[in-house]
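Some notes on the structure that comes next.
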Amino acid sequence: MKPIYQRIIAILLLCLPGIAGIYGWTEIREVIFYSAAGEGFGWLRFLWGLLLLIGSLYIIGGFIFYRDKKNNRISPKFLTPEERAERERQKQDPNYKKPEFLDKV
């Protein structure tokens, strides 16, 4: 089991993009509501909120994808041909040792 402080740091690092995404969503919502109330449409605030929202979704989605790829939980169509061949070899021979070039995956 990993030390508890590593898990706490990982959770805190995932909270930062989540907070940025929430702030981006709030900015987008406020711009739309203010424009509906008769004020001008704030393009700069809208684009800033959109950038924050999309960036945070990209970071959190990438983290989840990497974790699932590491635990062999993703579909083979998302793997490279080398990784697909490696997965097939693992299915055929349970005693097969993983090559070193795939240790980073």
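Going residue by residue through region 39-53, is there one that turns out to be touching a Ser or Thr at 6+ places or on another chain (Cβ under 7 Å), part of a helix (DSSP H, G or I) and among the aliphatic types (A, V, I, L, M)?
Looking through region 39-53, none of the residues is touching a Ser or Thr at 6+ places or on another chain (Cβ under 7 Å), part of a helix (DSSP H, G or I) and among the aliphatic types (A, V, I, L, M).
Filter region 4-34 for residues that are modelled with pLDDT under 95 and either touching a Phe, Trp or Tyr at 6+ places or on another chain (Cβ under 7 Å) or assigned to a loop (DSSP other than H, G, I, E, B) (or both) and give the result.
Listed by number, the list holds a single entry, Leu14.
Any residue in region 71-88 that is assigned to a loop (DSSP other than H, G, I, E, B) and among the aliphatic types (A, V, I, L, M)? Give the derivation first.
In the first step, residues of region 71-88 are kept if they are assigned to a loop (DSSP other than H, G, I, E, B); the result is 71-75, 79-80.
Checking the rest, the ones that are also among the aliphatic types (A, V, I, L, M) come to 74, 79.
Within region 71-88, one or more residues are assigned to a loop (DSSP other than H, G, I, E, B) and among the aliphatic types (A, V, I, L, M).
Kindly check whether there is at least one residue in region 26-45 that is in contact (Cβ under 8 Å) with a residue 24 or more places away in the chain and open to solvent by 40 Å² or more (accessible area, probe 1.4 Å). Spell out how you get there, then give the answer.
Step one: list which residues in region 26-45 are in contact (Cβ under 8 Å) with a residue 24 or more places away in the chain, which gives 27-28.
Checking which are open to solvent by 40 Å² or more (accessible area, probe 1.4 Å) leaves us with none.
There is no residue in region 26-45 that is in contact (Cβ under 8 Å) with a residue 24 or more places away in the chain and open to solvent by 40 Å² or more (accessible area, probe 1.4 Å).
The values are calculated or read from the model by the stated rules, or taken from the named source; none is laboratory data. Predicted, not measured: the structure shown is a model, and the values here were computed from it. In this analysis, Cβ positions are derived from the backbone assuming ideal geometry, glycine residues included, and neighbour counts consider all displayed protein chains. With ligands, DNA and RNA removed, areas are computed over all heavy atoms of the protein, side chains included. Shrake-Rupley method; radii C 1.70, N 1.55, O 1.52, S 1.80 Å.
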